[in-house]
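Note sheet for the following structure.
The values are calculated or read from the model by the stated rules, or taken from the named source; none is laboratory data. All figures in this text were calculated on a predicted structure; none of them were measured in a lab. In this analysis, Cβ positions are derived from the backbone assuming ideal geometry, glycine residues included, and neighbour counts consider all displayed protein chains. Surface accessibility is based on the protein's heavy atoms, side chains included, excluding ligands, DNA and RNA. Shrake-Rupley method; radii C 1.70, N 1.55, O 1.52, S 1.80 Å.
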Amino acid sequence: MAAGGTALAKPGAASQVWRWVMANFGSSWFLLGPLLAAYAPRRLFQTYFNLFLRRHARRLLNFVDPYVSIDFWDCPPVSRYAALQPLASAHDTTYEEVKAYLSSSCSEQDARELRAEGAKEGDGLVLSLNDGQDVADEFRGATLWWSSVPADELVVAHAAHHGQQQNTDHDGRRCQRLTFHRRHRRLVVDEYLPHVRRRGRDILFANRRRRLYTNNRTTGYSSAYDKTWSFVNFDHPTTFDTLAMDPDRKKEIMDDLDAFRNNREFYRRTGKPWKRGYLLYGPPGTGKSTMIAAMANYLNYDIYDVELTVVSNNNDLRKLLIQTTSKSIIIIEDIDCSLDLTGKRDGKKKPAAPTSPYELHGGGSEVTLSGLLNFIDGLWSACGGERIVVFTTNHVDQLDPALIRRGRMDMHIEMSYCGFEAFKTLAKNYLDIHAHRLFPAVEEQLNEVELTPADVAECLMTAKRAGYGEDAALEFLIQELKKKGAETKAAAEAAAAAEEAVQTNESEADNDDDDEYEYEEDAEDVEEEDDPESVIPADISKYLVAVNNIAGLGDLSSIKDLLGDIKKKRADAKEELQKMGTGAKEAAVEANLPKTENNEIEDVRKSKDART
Ligand SMILES: Nc1ncnc2c1ncn2[C@@H]1O[C@H](COP(=O)(O)OP(=O)(O)OP(=O)(O)O)[C@@H](O)[C@H]1O
């Protein structure tokens, strides 16, 4: 307007310009003007602006306002359909991560008006900026500002700018805005934002409530609506501090877990999937399950407890794996009892006879060793990363070596009977004592007796429940250990006696076999030498003394018959002997067998007499 005013103030000059324009462009302007006005005045202007002016305008704008902003929108609620797609449901979590990051920054910084919301999981609170508040953040020498912008404000501005209807999709949503100088653009995009996301993820992970999952029975016909895993919150109180085991071994395991957790780059560099297998083996009650709980608490991981017997086939097993999250421990307890996994890797297992209505309708598990091996370290096992697989067993020797070879089960951990160091942990847990005058006596007994930590824990619990003090509780434990020692000794003696008896019987049986062997050889010699005397070896006289009586028979065929009969009789007698107890056996050897043989010999003699 000011320029127009000046022009009006100088009519002479203006009319001169006008005259010049009309002289040069008058005719064509009069022709084109109405056309342009009718068809494309606005478009023409936009094109002209984009081509020639925008660059200059932008330069000017940069000069006036060199700041760039990035908005992070709250995600719309996940649709029901998306929630049913396990792989697709990984919706963008950036907003949550940014908010978690800001939550920690906000509490440290001096923003005055904050908004507090309950964390989605766990008991924590998420603090965020109230509308209109902003907070500065420093990163590698750059200053950046975060502010919370109400969605309505953004929507109105956006709609006004584009001349559109207000989009109601944004209702109730919020936006976190990051503002920074344009010279930090690369730093922000390449380093700062990944840092914010990583840190936010860590905060969300630390605040979440841990879960213990178990797999639901599958039928082989699962649909997208089937829930593969069910879960409860995992609140097991066991830690490595309360786990009773040798401290050096415990430290070794903790170091191994640390090395696993902190070595993401190492796994990436070496091309190994980021996972590790642990085999826990030992007698019942030595703390295998307790160890898993301690591991989960130490790493802050979720637990997926796989019940193999309700997984119908290898395909369903793979689906289970896909639906586990990273930072988790997948366990298969009592792997030796879970399924018959001793079959050939590729061979299909022979279906067992159905034992329940479920199995009758085709519900039995067809998971094979091969399927399980793929589950542990096939291609699918690498998805997600940061996973630990744990097998437990009471009978490590019964497992297929392929299942537990190093590389699959990287660390084999033996959980053994309670030693003195382990006892000290239990004494601290249950009696709250670190040392006591009775400890040496307990140590002495523990060196003698094999008692599981579960047994020792139960003793101390019983003493505690009975209201015993420290002295009485330890005395009680010592008595229990002595009792157990006496029982063990008696059992060992009985076992040794039984063993000795078995060995005696076996050596007797061996002697018998030797006798038979020699006897057969001698009988063959008889045929050749035709000398009945030589048939009777003297050293088997214990059972065959009566045979000497027929030395004068002289009839080879009768002797052969006799030998055959005696042999059969002895075999029968031996079989009977094996069924008898030791005392009865001796009696039979002394009394029955010779008598039987004598009778037999007598019978043969009679038949011989009859023939002659
Ligand atoms: N090493 C241990 N440290 C602390 N407590 C233990 C330990 N071992 C056993 N316990 C106690 O005994 C109970 C049973 O132990 P746990 O279930 O861990 O044994 P397990 O070896 O897994 O037995 P199973 O082979 O029968 O499953 C636990 O609840 C715990 O209270």
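Brief remarks on what is shown
- Subtracting the Cα-Cα distance of ALA494 and GLN479 from 0.36 nm times their residue separation leaves 3.1 nm of extension gain.
- The accessible-area ordering, largest first, of the residues TRP229, TRP380 stands as TRP380, TRP229, per a 1.4 angstrom probe.
- Placing a label point 7 Å from the Cα of ALA116 along the Cα-to-Cβ direction, the residues of the stretch 129-149 whose backbone N falls under 20 Å from that point are 129-135, 148.
- Accessible area (Å², 1.4 Å probe, nearest 10) - CYS459: 20 Å²
- Judged by the mean number of other Cβ atoms found within 10 Å, the most tightly packed of the peptides 447-455, 369-377 leads the ranking 369-377, 447-455.
- Sequence-separation-based contact order of the stretch 215-325, relative, with Cα cut under 8 Å and 6+ spacing, percent: 46 percent
- Our estimate of slack between ALA466 and ALA501, defined as 0.36 nm per intervening residue step minus the Cα-Cα distance, is 8.1 nm.
- The peptide list 295-302, 400-407, put in order of mean Cβ contacts within 10 Å with the highest first, becomes 295-302, 400-407.
- Spin-label model distance (nm) - GLU576 vs ALA441, 7 Å beyond Cα toward Cβ: 5.8 nm
- Rounded FRET efficiency, nearest 0.05, which uses the C-beta distance separating HIS181 from ASN429 and R0 of 56 Å: 0.45
- Contour excess over end-to-end distance, with Cα ends at LYS569 and CYS383 and 0.36 nm allotted per residue: 60.0 nm
- Rounded, prolate or oblate (a/c below 1.5 giving rounded, otherwise prolate when a/b exceeds b/c) for the stretch 187-322 by Cα gyration tensor: oblate
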